[in-house]
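Notes to accompany the following structure.
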Amino acid sequence: MRTLRIGLFAGHGVDGHSWMAQQALPESFQWQYIQAASAVSLIDLDALVWLWDPTQPDDALTADAKVFRQWSSATLRARQNRLIPILLVSNRNFEQLDHDAEQRAWQWQQTMLGRLKRACEHELKSWIPSTLVDPSRVALQLAEPNEGARLTDYITRLRTTITLWQQRIHRQAERCLVAGLLLVSSYVILMLCTVPWLPGKQQPQQPTANPLVWSQQDWKWHLTDCEKLIATLQQRSFDQLTASEQERFLEHLRWLPVSHDLLSQRRPTREVVRLRKQVQELLQQMEGRVQTWADQPAVSLMEQTARQNLLHQLLDQVFEPRKPPTVIHQAAQKYWKGERQLTLVMLREMASKDQKLEQTLGLWLAWLKEKVPQVEQCRVHAPELKTAWLVELESTVNWLEKTLAMKELVSKEQMQLDSTPALLREAWTRN
């Protein structure tokens with residue numbers, strides 16, 4: 001049986017490593033303390049635990065609430081029907097707090113559970129067992145030492161609930177499929193008997209995504225749909241859009257820059273000039289939204305990671321043919337610079353543990369080797385930055401492989417020499 005992999009996030013004022021050691025979490029589970037998106041694949045996790053401290057000041061709890069909403073939405077969006085338990089765990093018992101602090105803790109927890117429920121409604125259309133948003137099943141307080149077994153019991157029960165619920169849904173779906181096939185077969189037979197004698201109008205279809213073959217009607221459909229979408233965005237963040245609105249936004253952001261370049265190369269007839277003006281105006285408005293979302297301040301590491309996830313989602317498969325600098329170019333640059341910054345943070349986190357240099361180099365090598373294919377598959381369009389980052393990663397991996405293969409390992413002093421790859425030197429210097 002596969003070992004369950006549990007991701008642990010820690011809010012402000014919580015030392016996740018110390019808490020995990022204090023609780024003596026069972027080794028039958030694989031526990032991973034997560035501080036950056038690049039440290040884990042949300043698809044590979046079997047449960048998420050959000051650890052928080054109810055004694056933190058209001059501004060810290062507000063920041064935790066924002067990051068919790070972003071992470072829960074991103075997790076549900078990435079996994080879809082691969083359901084995952086998300087638990088909210090307090091490191092203190094509410095009853096041990098004074099009256100005002102206890103009331104504030106209960107209110108904050110209730111607000112977070114409400115946001116989790118809304119995220120499930122938004123991303124999954126509430127297509128989940130009610131247990132996954134039941135406060136008595138997904139919220140608990142673990143303040144005493146050696147209570148890890150209690151947490152794993154909660155996780156095991158939730159996963160069992162998910163499995164049983166999915167089995168029941170599958171059985172219902174199979175019965176519905178059989179009934180649907182019978183109805184469709186009957187309908188097709190009736191249509192074959194009546195269609196040749198009853199000519200009707202053809203229903204309009206959504207145009208193809210390739211602007212090179214668009215007709216006048218295709219251009220009108222795309223431009224009109226984009227205008228309607230922009231009118232409904234208002235001041236909402238990207239996470240506050242519905243799944244349909246997010247999909248439409250990303251589709252329009254992909255075709256607008258390409259069609260702008262395409263129209264610029266065509267003979268400037270009256271129709272081409274009109275289309276070019278409309279496309280340019282819509283593109284400017286879309287870029288304004290991208291810039292607003294990309295420039296949101298991110299103070300903590302988790303906020304930076306959440307913004308990195310947002311940039312990746314916005315810029316995935318967005319090709320920018322215009323000359324830099326444009327908003328899309330700048331957002332792509334911010335993404336790739338953020339990738340290197342978050343990688344440095346993870347390397348420093350691994351190096352901060354009390355272990356031998358050889359062990360640290362081994363951890364670095366294993367993690368960076370997993371990072372390389374992720375970068376290769378990334379479709380954020382900034383060829384020079386992506387290539388430079390990929391070259392730096394591959395050269396760093398090669399250096400680590402050669403170093404670990406040597407009988408005499410480098411010393412801690414040699415890690416600061418110019419011959420050491422810059423990525424490792426910067427990570428080591430800060431420790």
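In plain terms, the chain from Ser352 to His329 could stretch by 4.8 nm, reckoned as 0.36 nm per residue minus the Cα-Cα distance. Taking label positions 7 Å along the Cα-Cβ direction at both Gln96 and Glu121, the computed distance is 3.5 nm, reported to one decimal. Within straight-line reach of Lys356, meaning a Cα separation under 16 Å, sit the following aspartates and glutamates at least 8 residues removed in sequence or on another chain: Glu408, Glu413. Can you tell me how region 348-431 classifies by the Cα gyration tensor, rounded, prolate or oblate, using a/c under 1.5 as the rounded cut? Prolate shape, in that a/c is at least 1.5 and a/b is the bigger ratio.
Which residues does a label at Asp218 reach in region 237-268, if reach means a backbone N under 20 Å from a point 7 Å past the Cα toward the Cβ? The answer is 248-268. Charge tally for Arg150 (other residues, Cβ to Cβ under 12 Å; Lys, Arg +1; Asp, Glu -1): -2. Taking the Cα centre of region 278-381 as reference, the dipole from Cβ charges on Lys and Arg (+1) and Asp and Glu (-1) amounts to some 200 debye.
With a Förster radius of 35 Å applied to the C-beta separation of Leu181 and Ala65, the computed FRET efficiency comes to 0.15. Summing Lys, Arg as +1 and Asp, Glu as -1, what charge do residues with Cβ under 10 Å from the Cβ of Cys378 carry, Cys378 excluded? Value of the local net charge: -1. Positive end of the dipole of region 309-350 (Cβ unit charges, origin at the Cα centre): among Leu314, Val345, Gln330, the Cα lying farthest that way belongs to Gln330. Only helices reaching 30 angstrom along their own axis (Cα) with mean Kyte-Doolittle hydropathy no lower than -0.5 count here, and for the DSSP H runs of the chain these are 148-194, 327-351, 357-377, 383-405.
Taking a ≥ b ≥ c as the square roots of the eigenvalues of the Cα gyration tensor of the chain, is the shape rounded (a/c under 1.5), prolate (a/b larger than b/c) or oblate? Oblate. The longest stretch of the chain left intact once loop-based trypsin sites (Lys or Arg not before Pro) with at most 13 other Cβ atoms within 10 Å are removed from consideration, loops following DSSP, is 267-352. Each helix, a run of at least 4 DSSP H residues, gives -39500 (n - 2.57); summed and divided by the residues of the chain, these come to -21000 deg cm²/dmol at 222 nm.
At a probe radius of 1.4 angstrom, the accessible area of the chain per residue rounds to 55 square angstrom.
Loop sites only, by DSSP: take the GluC sites (Glu not before Pro) in the chain that have at most 13 other C-beta atoms within 10 Å and name the longest stretch containing none of them. Within the chain, the longest run free of exposed GluC sites (Glu not before Pro) spans 28-407.
Taking only protein heavy atoms and a 1.4 Å probe, the accessible area of region 286-431 is 51% carbon and sulfur.
The values are calculated or read from the model by the stated rules, or taken from the named source; none is laboratory data. Just so we're clear, the structure is a prediction, and the values are computed from it rather than from any experiment. Neighbour counts run over all protein chains shown; Cβ positions are idealised from the backbone, glycine included. These accessible areas exclude ligands, DNA and RNA; they are computed on the full protein's heavy atoms, side chains included. Shrake-Rupley method; radii C 1.70, N 1.55, O 1.52, S 1.80 Å.
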